[in-house]
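Please treat every number below as a calculation from the coordinates, not as lab data. The model shown is predicted, which means the values in this text are computed figures rather than measured ones. Every residue, glycine as well, gets a Cβ built from its backbone with ideal geometry; the counts of neighbours run over all protein chains shown.
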Amino acid sequence: MKYLSHLINGEPFSENQSTLPVTNPATAMQTAEVECASKLIVEEVILAATMAFKRWKQTSISQRAKILFRFKTLLEQHANEVCNLLTEEHGKVLDDARGELNRGIENIEYACGIAQLLKGEHSPNISSQHDSWSELQPLGVVLGVTPFNFPAMVPLWMWPMAVMCGNTFILKPSEQAPSAPYFICKLAQMAGFPPGVLNVINGNAETVEALLQDKRIKALSFVGSTPVAKELYRRATMADMRCQALGGAKNHAVVMPDADIDLVAQSLMGAAFGSCGERCMAISVAVVVGDDIAKSLTAKLAPLIENLKIGSGFDEENNMGPLISAGHKAKVLGLIEKGVEQGATLVVDGRQFHLSGSSTEFEQGYFLGGSLFDHVTPEMDIYQQEIFGPVLCLVRVSSLADAIKLINNHRYGNGTCIFTQNGYAAREFSQAIEVGMVGINVPLPVPMASHSFGGWKQSIFGDLSAYGPDAVRFYTQRKTITARWLANLEQQAQFSFPS
């Protein structure tokens, strides 16, 4: 059985002590063991990153970029291996795994332009005989704690930009899907990153707790649930760490009466059920303006959901794989039951799904069919909570104004979209909505790498978003220098600011 330890100073590092099982969710069978870091391991990794920072921050920007270019090439050459690991440990279909990896590579490409991104500002003679300029300097040792649902992409949101800015990085990936990020970081070592610049430490919440107690860590990037994001942000800022903590979501799609219903139905299928709904940008609520269009949309969606092809992610014909774990499947089932109890109409019941025509090895997998609720109201648990599963809820409203009010009243503000052919409605929606990422006829408005990713309200804690321009700001600190060189060194004391 595969054994995953830690990657410290460019080498595997192991104590062979406490471990956690890694399970293939399609079979419910254990495929690996991942080591849980002790306090000794935590000390080793922080020391390695601290020592490496002294050298790495002095490494030229062009040399850093050359290493990252080599890493990008290696990652592309080993893409199939990475995607197989993603499907094996997360369960997502291979096509979705490829999409995840491609989105991660886009962030690497952006970070390769670091020479342009780290340009400061210069103002000659800003005051009499004074020149002033600013520089963007690295923070030091930074930490990334990443989730199970995007084990390759989310770390690539973080560490390429962090190390290109001159920091050293400690990655703590999800213990549920650790193999892909570990393998990717090994490729980074092969590309030439010096020992200690990029490190992987495996473990659980206790590992994160130990890392957060160390003052040598200067910043934390986190992606996960809102309760954890909020607590980590509180802890990190109390410890004088810079922090960006991305949390949960409840993403709404507004469907206007003039929308193309066929386009909407197909768009919602991918946005709601792709990756089994385990996305922070999944559309989990369709806000339909008008009863007639709600009936039409329900009639279009129901057979599409009933005919979802569900099974092993390695079968290229499948649309959806399993949920990540038995515990998470039980949570989703509980919320579906709650929706029925609270009066929503369960149009398609995913609980009735039974895997058929597959090998017996998948009989114990954590599979669940897609579910569709109609007549959902704002007080229901299935509306208020992030389900993070293959469940789509329909809420009926009478106007665009009502739709905007409904969305703005929700505590989450990650992503949203509107389907319409009316330019005024689209503009009104995009201006009035209190959500960080907005799509117009785009169901998953995940920004490209040259823009930043981040929601509003309870979907993010911290002032800066992930990747893109905000990543440069987050992983650097500005230093402004003012200089004066006089021909005549004699000068009278001056008691006011120079001008």
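For GLU206 and VAL442, what does the FRET efficiency come to when R0 = 45 Å and r is the distance between their Cβ atoms, rounded to the nearest 0.05? The value I calculate is 0.65. When TRP133, TRP159, TRP485, TRP56 are sorted by how many other C-beta atoms sit within 10 angstrom of their C-beta, beginning with the fewest, the order is TRP485, TRP133, TRP56, TRP159. A cut-off of 5 Å between modelled amide H atoms, ignoring neighbours fewer than 5 places along the same chain, links ALA32 with VAL22. Maximal additional length on extending the ALA432-GLN116 stretch stands at 110.3 nm, based on 0.36 nm per residue less the C-alpha distance. Where only DSSP H runs of four or more residues are counted, the chain gives -12000 deg cm²/dmol as its mean residue ellipticity at 222 nm, each run worth -39500 (n - 2.57).
At an R0 of 45 angstrom, the distance between the Cβ atoms of SER134 and TYR424 translates into a FRET efficiency of 0.60.
Note on region 12-130: Kirkwood radius taken over Cα pairs, Stokes-Einstein applied at 10 °C and 1.306 mPa s, translational D equal to 86 µm² s⁻¹. Here the simple spin-label model places points 7 Å from the Cα toward Cβ, and for LYS295 and GLN266 these points are separated by 2.6 nm. Taking amide H as placed 1.01 Å from N in the peptide plane, LEU464 has no amide H partner under 5 Å among residues 5 or more places away or on another chain. Only Lys, Arg, Asp and Glu carry charge here, each on its Cβ (+1 for the first two, -1 for the last two); on that basis the chain has a dipole of about 1700 debye about its Cα centre.
In this structure, HIS375 and ARG234 have a Cβ-Cβ separation that, at R0 = 45 Å, corresponds to a calculated FRET efficiency of about 0.75. Relative to the first principal axis of the alpha-carbon coordinates of the chain, what is the inclination of helix 61-77, with its axis defined by its Cα atoms, in degrees from 0 to 90 and to the nearest 10? Taking the Cα atoms of the chain, the angle to 61-77 is about 30 degrees. Normalised by the number of residues in the chain, the average gap of Cα pairs under 8 Å and 6 or more apart makes the relative contact order 19 percent.
Compared with the rule-of-thumb size 2.2 N^0.38 Å for a compact globular protein, region 251-440 has a Cα radius of gyration ratio of 1.01.
Working note: Karplus 6.51/-1.76/1.60 with θ = phi - 60° gives region 253-264 the couplings 10, 8, 10, 7, x, 8, 6, 6, 5, 5, 4, 4 Hz, where Gly and Pro are set to x. Put a dot 7 Å past the Cα of GLU306, heading toward its Cβ, do the same for LYS39, and the two dots end up 6.0 nm apart. Potential lengthening of the chain between GLN352 and ILE61 amounts to 99.1 nm, from the contour at 0.36 nm per residue minus the alpha-carbon distance.
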